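What follows is one structure encoded as structure tokens, with my remarks underneath.
Taken together, the values in this text are just the output of simple stated rules run on the coordinates, not laboratory data. Given the structure is predicted, the values throughout are model-derived calculations rather than measurements. Virtual Cβ from ideal backbone geometry, glycine too; neighbours counted across all protein chains shown.
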Amino acid sequence: MNADPLAIEALMGEVRRALASSLQRPVIIGLCGAQGSGKSTLARAVSETCGQAGISAAVLSLDDLYLTRAEREGLASDVHPLLLTRGVPGTHDVAFGLALLGAMKRGEPVRLPRFDKAQDDRCPESEWLQIAAGCEVLIFEGWCVGARSQERAELELPVNQLERTEDASGDWRDHVNQALGGAYQALFSLLDRLVLLAAPDFEVVHGWRQEQEQALAAQDRSAVAFMDAAAIARFVAHYERLTRHILAEMPRRADLVVQLDACRRIVAMHRGNHM
């Protein structure tokens, strides 16, 4: 899958405006999008376009800040079993992310972590990406980058079977929501721009995630395990509540919204509060 040239140019517009309006480097462009929306592909394309324009750039995925499997096993034992599954707020090392971005803002060289989804664990440090001092642009992409927490009353009714049967008490979704409303907001406050790749609805996400899994399997046949359709449906259910919330709430405040159809074609684009 290749990034749409229109989306690349639209994001480059946000990069240029951010560079023009901020003296601090790097400027951080937040790129939010549901699983399989193409945000990682787009982030890489924008980074490459920056390089061609003589702008030093790097990409950090929120996924690469996942807690290790051992750390999530501890959360599953101590807090709630559903926290074993990576993805939702509360399963990332936010303090690590803040330290990384802080070091970059100070102009220091850093090593960006990598997470191996096939092994469901963080890669060894020897595989992390070295970023030289003085990086000008960081594309920070992730499925809930820039998201805000829900009102407590919104948590009461389950949104799917997973929440009804495995989180009947609501403790898991309350923990996730509190995490999002806490340290994650400190992380997202560092964004200079927020861009949303908006899926047409949540229903397309299962198919998009299934395509991702097939691509992952093709890339790494030595992995521990890959998910079948039923496992993907259960996995995506962990993301449903917040994905729906993002699609309803974020378009009103994002700096750029790229509206996609079910085939990831751009059907509309509009800029927000930095026009």
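Whether a residue is of a type in the set (A, V, I, L, M, F, W, C), part of a loop (DSSP other than H, G, I, E, B), surrounded by 20 or more Cβ atoms within 10 Å (Cβ to Cβ) and in contact with a strand residue (DSSP E or B) (Cβ under 6 Å, 6 or more places away or on another chain) was assessed, and CYS144 does not pass this test. Within segment 4-59, the set of residues being among the hydroxyl-bearing types (Ser, Thr, Tyr), assigned to a helix (DSSP H, G or I) and in contact with a helix residue (DSSP H, G or I) (Cβ under 7 Å, 6 or more places away or on another chain) comprises just one member, THR49. If we keep just the residues of segment 117-158 that are free of Cβ contacts under 8 Å to residues at least 24 places away in the same chain and charged (D, E, K, R), which is farthest from LEU31 (Cα to Cα)? Selected residue: GLU156. Just one residue in the set ASP93, ASP64, ASP4, ASP78 is acidic (Asp, Glu) and within 23 Å of GLN150 (Cα to Cα); that residue is ASP93. Within segment 38-66, how many residues are polar (S, T, N, Q), in contact with an Asp or Glu (Cβ under 7 Å, 6 or more places away or on another chain) and crowded, with 18+ Cβ neighbours inside 10 Å? Qualifying residue count, segment 38-66: 2.
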